[in-house]
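These notes are about the structure you will find just below.
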Amino acid sequence: MAEDRNLAVTMNTSVTQEQSQSEPIQAQTCIIIHPGSKNLRIGRASDVNPHTILHAIARPRRPKGPLHRDPVLIPTVELSKENKLQVDETYQSMRGTLQSCLRSDGTPRPATSAQQVALANKQCIPIQGSVSKLQYVTKSDVEDYIIGDQVLYAHSADQFNVHFPFRHGDLNIHAGVGGSLSSILADLETIWGHCITNLLEIPKTELKHYRAVLVIPDIYNRLFLKELVGLLLIQLGFGGCFLVQDHVAATFGAGLGAACVVDLGDQKTSVSCVEDALSQRATRIRLDYGGSDITQAFYYLIQRAGFPYKECQPQHPLDGALLTRIKEGYCHLNLDFCGLRDVNFVVERPGVPTLRYHIKIGDELLLAPLGLFNTEVFALTGQDKRGQGQANASGDPEDPHDANYLRETSRRAHKEALENQSTSTASMDPIDNSTNAGGQGEEDLVVDSLAADAATDDQPQQQLLYSLDQAILHSIERCSSDEMKRRMYSCILLVGGGAKFEGLSTWLHNRLLLQIPFQFRPEQTEIIVGPKEMDPSMVAWKGAAIMSCLESAQELWIRPTEWKKIGVRLLRERAPFYW
Ligand SMILES: Nc1ncnc2c1ncn2[C@@H]1O[C@H](COP(=O)(O)OP(=O)(O)OP(=O)(O)O)[C@@H](O)[C@H]1O
């Protein structure tokens with residue numbers, strides 16, 4: 001019911017004349033903010049593309065204060081013997097599969113081995129260039145903080161604390177310094193405020209004339225959302241804001257009414273089914289792996305194939321960024337690319353001569369992204385990786401109609417209904433009594449499920465670490481009707497930077513074709529990456545920009561005055577998603 005109401009809010013184009021006149025839609029005064037675990041995308045709704053920066057901040061460390069440096073790449077872990085064996089066996093079996101693959105013209109595809117690659121790189125000596133003009137940023141260069149890509153150059157000798165406010169697709173709460181909710185909100189205020197002033201060139205004092213749309217994760221934590229609205233309206237001082245889920249925004253960006261949306265980010269992969277601007281709650285899945293895990297898997301593989309840049313330290317920000325660039329430039333899922341391929345890269349560290357490498361890499365380029373379909377290998381970056389679904393709503397002291405209230409009133413109403421039933425049935429024919437017993441059973445079920453809801457408040461539903469194809473199948477299986485399942489199987493939208501691997505859509509298509517249940521098989525399954533030639537990592541941002549200008553979105557805006565007065569209840573009433 002609540003979902004239907006919100007659907008009406010989002011899609012309703014019959015905003016009253018008065019409202020639309022009083023609030024003209026001006027794309028230049030709408031700022032769209034899409035924060036990610038690695039990247040921040042920010043820009044005016046009227047911009048063709050947003051500014052994309054590393055979503056990180058470095059702050060000078062206090063003398064003798066605690067040190068905390070969030071890594072650029074998700075770190076690898078010490079593998080147990082069994083896990084190491086499992087990872088190696090999985091790669092071995094993947095290599096075996098590649099050996100039996102055909103190219104698109106039907107000819108056998110020659111596979112490469114790690115030994116072949118190691119042999120080809122044995123003689124590789126890097127070419128030394130001139131001394132790099134890059135410089136590390138030191139404490140004396142900085143007044144308060146460093147933001148964005150500059151953070152990669154924050155002096156390594158423990159002068160700075162480095163924070164990424166988002167990790168694994170959600171706020172990066174941790175027990176270390178800078179890991180509390182208030183510290184993270186302070187970091188976000190600084191980073192976003194800095195971008196607005198310096199990249200968008202809007203003075204902070206002017207923000208009351210601007211509105212913000214915040215793109216939030218599909219699976220969200222209500223407490224965090226409440227704080228983020230406060231950050232936009234009170235701390236940053238925007239004149240209005242609304243929140244939109246990234247998957248819903250992606251369907252707007254792609255111009256689709258219904259799609260199973262798959263977001264391949266840096267540290268998470270999320271899937272959900274969206275129809276008419278609503279992400280179906282039961283279909284939401286977030287998995288603990290993304291592009292960063294693929295980069296680490298790639299490094300693991302090339303190390304075993306004699307990677308000649310022996311000094312590489314993936315935990316060093318500049319090497320982490322270098323490995324990421326090589327992955328982005330060369331890794332693929334295209335079976336027509338085979339044999340040893342030339343890979344060129346330059347190692348550049350401030351103040352020392354650059355080193356240019358020309359090396360060969362073989363099937364490692366394909367095996368690394370194939371981890372998306374063989375998730376056992378992601379044990380490399382964590383042996384307890386999981387998936388999760390949307391947590392149930394919990395109580396909020398500021399919201400008199402919070403989930404607890406709804407649960408209580410449902411229980412009371414249920415009890416009264418039962419009492420009424422028993423008095424009325426007492427005077428009835430015993431045959432009718434038995435009919436009522438059946439009805440009562442049904443209502444008990446409702447109460448049971450409400451009780452179960454209470455038991456799982458705030459606890460994200462734990463799920464298995466599905467592979468990409470399994471996650472899509474599981475998500476679609478949870479759609480409420482067969483018709484919807486059919487629609488979702490016919491249109492799968494891939495977004496996020498990780499969707500850019502060449503050949504990913506064909507690979508996924510082939511995997512899914514074999515597994516879609518016969519009765520739901522659509523005439524055609526379309527897998528869309530980069531709709532309308534858009535960069536897949538910008539689709540959600542674009543969608544939010546489009547939404548902000550729709551007349552139907554005008555009733556979603558939350559104003560600072562009403563937020564101060566009414567608070568979180570406004571989100572229940574206005575959010576374009578089930579609160
Ligand atoms: N051409 C490419 N090929 C493969 N991967 C790419 C390419 N370009 C970017 N990526 C990867 O995409 C990821 C970043 O994607 P995106 O910006 O969508 O993530 P994010 O929003 O910051 O993170 P998250 O969604 O996990 O919160 C990085 O891991 C990056 O290496």
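The set of residues from region 166-215 being at negative phi, in contact with a Gly (Cβ under 9 Å, 6 or more places away or on another chain), within 16 Å of the ligand (Cβ to nearest atom) and touching a residue at least 12 places away in the same chain (Cβ under 8 Å) comprises Phe166, Asn172, Ile184, Asp187, Ile191, Cys195, Val215.
From the list Gly543, Gly497, Gly503, the lone residue that is within 15 Å of the ligand (Cβ to nearest atom), in contact (Cβ under 8 Å) with a residue 60 or more places away in the chain, open to solvent by less than 10 Å² (accessible area, probe 1.4 Å) and not hydroxyl-bearing (Ser, Thr, Tyr) is Gly543.
Would you confirm whether or not region 55-64 contains a residue that is closer than 28 Å to Val151 by Cα, within 16 Å of the ligand (Cβ to nearest atom) and in contact with a Lys or Arg (Cβ under 8 Å, 6 or more places away or on another chain)? Within region 55-64, one or more residues are closer than 28 Å to Val151 by Cα, within 16 Å of the ligand (Cβ to nearest atom) and in contact with a Lys or Arg (Cβ under 8 Å, 6 or more places away or on another chain).
Per-residue answers, yes or no, for (1) surrounded by fewer than 20 Cβ atoms within 10 Å (Cβ to Cβ); (2) of a type outside the set (Gly, Ala, Ser):
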| residue | (1), (2) |
| --- | --- |
| Ile33 | no, yes |
| Asn49 | yes, yes |
| Ala58 | no, no |
| Pro63 | yes, yes |
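Answer yes or no: is there a residue in region 258-273 that is more than 16 Å from the ligand (Cβ to nearest atom), open to solvent by 10 Å² or more (accessible area, probe 1.4 Å) and at pLDDT 95 or above. Checking region 258-273: at least one residue is more than 16 Å from the ligand (Cβ to nearest atom), open to solvent by 10 Å² or more (accessible area, probe 1.4 Å) and at pLDDT 95 or above. The residues listed here are Thr283, Thr295; of these, the one that is hydroxyl-bearing (Ser, Thr, Tyr), buried (at least 24 other Cβ atoms within 10 Å of the Cβ) and in contact with a strand residue (DSSP E or B) (Cβ under 9 Å, 6 or more places away or on another chain) is Thr283.
Of all residues in region 114-133, exactly one satisfies the criterion of being under 23 Å from Val72 (Cα atoms) and open to solvent by 60 Å² or more (accessible area, probe 1.4 Å), namely Lys133. Pairs are defined by a Cβ separation below 7 Å, a sequence spacing of at least 6 or placement on different chains, a first member in region 124-151 that is β-branched (Val, Ile, Thr), and a second member that is open to solvent by 90 Å² or more (accessible area, probe 1.4 Å); the pairs so defined are Ile127/Arg356; Val137/Gln150.
Within region 316-330, the residues that satisfy the criterion of being within 16 Å of the ligand (Cβ to nearest atom) and either out of contact with any Phe, Trp or Tyr (no Cβ under 6 Å at 6 or more places or on another chain) or open to solvent by 10 Å² or more (accessible area, probe 1.4 Å) (or both) are Pro317, Leu318, Asp319, Gly320, Ala321, Leu322, Thr324, Arg325, Lys327, Glu328, Gly329, Tyr330.
Based on this model, can you work out whether Ser548 counts as of a type outside the set (Asp, Glu), within 27 Å of Leu223 (Cα to Cα) and more than 18 Å from the chain's Cα centre (by Cα)? Spelling it out, Ser548 is indeed of a type outside the set (Asp, Glu), within 27 Å of Leu223 (Cα to Cα) and more than 18 Å from the chain's Cα centre (by Cα). Within region 509-523, is even one residue surrounded by 22 or more Cβ atoms within 10 Å (Cβ to Cβ) and either within 15 Å of the ligand (Cβ to nearest atom) or over 30 Å from Leu365 (Cα atoms) (or both)? Checking region 509-523: not a single residue is surrounded by 22 or more Cβ atoms within 10 Å (Cβ to Cβ) and either within 15 Å of the ligand (Cβ to nearest atom) or over 30 Å from Leu365 (Cα atoms) (or both).
Asp535 meets the conditions (1) buried (at least 17 other Cβ atoms within 10 Å of the Cβ); (2) within 16 Å of the ligand (Cβ to nearest atom) in every case but one. The failed one is (1).
Taking the stated definitions as given, is Leu225 touching a residue at least 40 places away in the same chain (Cβ under 8 Å), open to solvent by less than 10 Å² (accessible area, probe 1.4 Å) and away from the ligand (no atom under 15 Å from the Cβ)? When the stated conditions are applied, Leu225 passes them. Screening Val215, Val248, Val244 for residues that are buried (at least 18 other Cβ atoms within 10 Å of the Cβ) and farther than 24 Å from Leu54 by Cβ leaves exactly one candidate, Val248. Checking the stated criteria, Asn344 turns out to be surrounded by fewer than 18 Cβ atoms within 10 Å (Cβ to Cβ), part of a strand (DSSP E or B) and out of contact with any Cys (no Cβ under 8 Å at 6 or more places or on another chain).
Every residue, every condition in (1) in a loop (DSSP other than H, G, I, E, B); (2) in contact with a strand residue (DSSP E or B) (Cβ under 9 Å, 6 or more places away or on another chain); (3) open to solvent by 70 Å² or more (accessible area, probe 1.4 Å), yes or no:
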position	(1), (2), (3)
Thr52	no, yes, no
Leu67	yes, yes, yes
Thr76	yes, no, yes
Leu79	yes, no, no
Lys84	no, no, yes
Asp88	no, no, no
Gln92	no, no, yes
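The set of residues from region 522-567 being in a loop (DSSP other than H, G, I, E, B) and modelled with pLDDT of 90 or more comprises Met534, Asp535, Leu550, Trp557, Arg559, Gly567.
For first residues located in region 100-111 and on the phi < 0 side of the Ramachandran plot, partners that are open to solvent by 50 Å² or more (accessible area, probe 1.4 Å) and in a loop (DSSP other than H, G, I, E, B) and lie 6+ apart or on another chain with Cβ distances below 9 Å form the pairs Arg103/Asp336; Ser104/Asp336; Asp105/Asp336; Pro108/Ser100; Arg109/Ser100; Arg109/Arg103; Arg109/Asp336; Ala111/Ser100.
The set of residues in region 7-54 being modelled with pLDDT under 95, touching a Lys or Arg at 6+ places or on another chain (Cβ under 9 Å) and over 15 Å from Ala545 (Cβ atoms) consists of Val9 alone.
Filtered by the rule that a residue be within 22 Å of the chain's Cα centre (by Cα) and not aliphatic (A, V, I, L, M), region 488-505 gives Tyr489, Cys491, Gly496, Gly497, Gly498, Lys500, Phe501, Glu502, Gly503, Ser505. Taking the criterion of being out of contact with any strand residue (DSSP E or B) (no Cβ under 7 Å at 6 or more places or on another chain) and of a type in the set (Lys, Arg), the residues of region 535-577 that qualify are Lys542, Lys564, Lys565, Arg569, Arg572.
The values are calculated or read from the model by the stated rules, or taken from the named source; none is laboratory data. Small disclaimer: the values here were computed from a predicted structure and weren't measured. Reconstructed Cβ throughout: ideal geometry from the backbone, glycine too, with neighbour counts over all protein chains shown. Protein only, heavy atoms only, side chains kept; ligands, DNA and RNA dropped before computing areas. Shrake-Rupley method; radii C 1.70, N 1.55, O 1.52, S 1.80 Å.
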